[in-house]
1. Which residues does a label at A:LEU34 reach in segment A:98-122, if reach means a backbone N under 20 Å from a point 7 Å past the Cα toward the Cβ?
2. Would you mind giving the mean number of other chain beta-carbons within 10 Å of the Cβ of each residue in A:427-440, as a whole number?
3. How far apart are the A:SER213 label points across copies, placing each 7 Å from Cα toward Cβ, in nm, shortest first?
4. Based on a Kirkwood Rh over C-alpha pairs, give the Stokes-Einstein translational diffusion coefficient of segment A:312-385 at 4 °C and viscosity 1.567 mPa s in µm²/s.
5. Under 8 Å for C-alpha pairs, at least 6 residues apart: give me the relative contact order for segment B:16-69, rounded to a whole percent.
6. Starting from the Cα of B:ARG17, step 7 Å toward the Cβ, then list every residue of segment B:39-77 with an amide N under 14 Å from that point.
7. For B:LYS172 and B:GLN190, compute 0.36 nm times the residue count separating them, minus their Cα-Cα distance, and round to one decimal in nm.
8. Measuring nothing but label to label, 7 Å from Cα along Cα→Cβ, what are B:GLY81's distances to the other copies in nm, shortest first?
There are 2 protein chains.
Amino acid sequence: MSENGAVMSLIDLERDRHVEELGQLLRIRSISALSEHREDVRACAQWLRDHMFSIGLQKAEVRDTSGHPIVYGEWAHPEPGRPTVLVYGHYDVQPVDPVELWHSPPFEPHVRDGRLYARGSADDKGQLFMHLKAVEAHLKARGELPVRVKFLLEGEEETGSEHLDAFIEEHKELLACDVAVISDTSWFAQGVPSITYGLRGMAYLQLDVYGPSSDLHSGSFGGSIMNPAEAVARLIAGLKDNRGHILVPGFYDRVLPLSERERVEFRQLPFDEQEHMRSLSVPEGYGEEGYTTLERVWARPTLEVNGIWGGFSGEGSKTVLPAEAHAKISCRLVPDQDPDEVYGFIESYVRRISPPGVRVEVRRMHGGRPALVPLDHPAMDAASRAVERGFGKAPVFIRAGGSIPVVASFAELLGVPTVLMGVGLPDENAHAPNEWLLLENYHGGIRSAAALLEELGRALPA
Amino acid sequence: MSENGAVMSLIDLERDRHVEELGQLLRIRSISALSEHREDVRACAQWLRDHMFSIGLQKAEVRDTSGHPIVYGEWAHPEPGRPTVLVYGHYDVQPVDPVELWHSPPFEPHVRDGRLYARGSADDKGQLFMHLKAVEAHLKARGELPVRVKFLLEGEEETGSEHLDAFIEEHKELLACDVAVISDTSWFAQGVPSITYGLRGMAYLQLDVYGPSSDLHSGSFGGSIMNPAEAVARLIAGLKDNRGHILVPGFYDRVLPLSERERVEFRQLPFDEQEHMRSLSVPEGYGEEGYTTLERVWARPTLEVNGIWGGFSGEGSKTVLPAEAHAKISCRLVPDQDPDEVYGFIESYVRRISPPGVRVEVRRMHGGRPALVPLDHPAMDAASRAVERGFGKAPVFIRAGGSIPVVASFAELLGVPTVLMGVGLPDENAHAPNEWLLLENYHGGIRSAAALLEELGRALPA
């Protein structure tokens, strides 16, 4: 048996232990958004540090930030000149509300129908753990890794990664690498291994509209002053035309058009538009004219209302003219849009279209840059071979509608591309009750991660 | 001293007792909207019935409805042919939340700076009680009333008077009268006695917009389906143009234009537009083009958003694409608009302008007809003289932006006009914390109510 065959065999032999150990990690309630779980988040970081030592990493540390800690780990190859792979993941998880909708408790992992149910199983504990298990298998079977490996595990991803960029900036030398790897994305569909090469960025803002100093009686004042709830509605309606085109001047200026090759490849993916809309229970799709659903989600920028509120929302009727109204709005950005520039465009336009008689404020909430990984980078070929070795099937290359801002940070601050080889599935309930990870993908993901180290060792220049 | 002089003197002598007794009524927590106060509402009805007997009414009854009870009382003049006056009022009150903003407890009446502070002091216990005290003074001083008097006191006004129209319809004979009187309106300003001759009606509805079957991730789905929060904003924005004109076809069809005489009289009222807007803390007024603020509020129909909600409204940012969004919208109607007709117009128009990809429903919440009392009815002259005798100053005739649907019911079901001679003030906090009634207006209101019985006895044909 070749050395690599030995690694794969060991991985296959130890499936039960891999699930059992992941279960331990999933039991830690590391919800970063809730301050009452602050100590759980730290406990999770410590568990990971201890685990890193136990699998044979040479270095493993919990690094404090002014938020939740970062876990850093390292295995430095004794031979000089081997390439360095930086594995990023996040060990914090989303809140679990509404907890009554879970079929089994969110922090008590349960296996049903080949799925491992628990908060964090897919996003992202289960996926980051694949890389630790792959490293462990190499070290156990062969005593060494084919490359130098660094781990950067974050505890604030679900709350906006507030301290991550500063940490990377301050530790460029520590984190120096040839390629980054993240498993925090989804396959196109079950049975369709996928590598993601495009991510959208984000510009999240809040619109605050202020009218009279207190709520007023709509009988005594209705019709004579601008109603903030009407004003916020007019503002939102004014941001797009009724064909889904965003009217903010400058918004599309830096949008890279889809290449003809991408459009053709998207069309070849197994996607049934009608079935998709049926599964969402909407009568029909809607979006920017001239684009398919996949193009709209993957390669076109958006402007969506995430929340709107003002005045009375209880049972029955209350004849109030609200003093204020608000909306949360987020734009998904595509390369080469820049969040700060987009914020500026929106602020100017909102000022221009604001109705009279109210005061309108735009608050910048959080931004993130979009990313495109060059398809012709040798790491992408290596990743493709690794996924094929892990799952017995060559992957498709896809883009994603969501955002992983650290990919742009790695490109800008460390100058490296990121291989996105997640094994999640579109209906995994990542931020909802009953989150799950397909165990078949977990085990195949460990195999792919192990193969990737070897493939990168071969593919990347020393 | 004339007989009438004796009535007025007695009223002036008994001011302290009038305040003390009103205090007893105000201590009863008759909040009709809250089921835990159901027994308090009944206790209030019983207190009023007992009080009616104690002041000398010949008949006083608590009449059950399937909601809160109605109190009926009567003094039938022994001489035939005297006109009949029906006094309407409501003994239920608004909830008191937020109770922490009250400077004294809402159900413990306190006098400060000539104002009586308590929930219901102005709306409407204090004002209905003026008429009971006026009747009492006549009976005490003269042993009889100048007219036949009936009292109709409701316990569901603050929750939409759900059972009142049916009661009137079923008891047309019992309630038969020549004129109705209500004190539940406000003066134009302190020191400016006012009689209200126009009220707006109401068509209150809820817009429900349904999109996907559950909240979705705005990254994975944003840009590809219609967002219900955007849809509700587009619907609201589509209901009016940006000059305040309502775009619903048919909406204005039955609107009676303002007469030139009314426009002139409105302009003569002591109203400082800039000062008014400053007091509301809004930079400028806004409304239908071509009308002044008073005209917009008193004589033009409106369409106002009372509440809007959908998606995420907490701290920070959540990238959700909401499954549904809603708005509460109310139209204030003017003569001769009809609520049911207006509902129909809005439903058709909303259907026509609804965006694709969502399901939109219009729910009718509650409606009420507008009313105009003929200024040339002899009861209006009588009321004017009565207010002048009560306060030493002739009243102005004004309209009001709010709604008192029973005025239209009296016109339609009993065929009588309603004299609206309330003594509230615009800043009395009727539905807010720290509701108050100016004691000077309370005492003058009792004098006016006593004078009104006499004036109506003279003015109305037997």
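Where a number appears in this text, it was derived from the coordinates with a stated rule and is not lab data. Remember, predicted model here, so these are calculated numbers, not experimental data. Here the Cβ is made from the backbone with ideal geometry for all residues, glycine too, and neighbour counts use every protein chain on show.
1. Under cut-off, by backbone N: A:98-110, A:117-122.
2. On the way: counts 0, 0, 0, 2, 6, 4, 0, 0, 0, 0, 0, 0, 0, 0.
Across A:427-440, the average partner-chain Cβ count within 10 Å equals 1.
3. Here the equivalent label points are 5.1 nm apart from this one.
4. Details: Rh = 16.7 Å.
The Stokes-Einstein estimate is 77 µm²/s.
5. With pairs under 8 Å counted, the relative contact order is 25 percent.
6. Once the point is set 7 Å along Cα→Cβ of B:ARG17, B:54-56 turn out to lie under 14 Å by backbone N, inside segment B:39-77.
7. Working: separation 18, 0.36 × 18 = 6.48 nm, distance 3.73 nm.
Gain on stretching B:LYS172 to B:GLN190: 2.8 nm.
8. Ordered by increasing distance: 12.9 nm.
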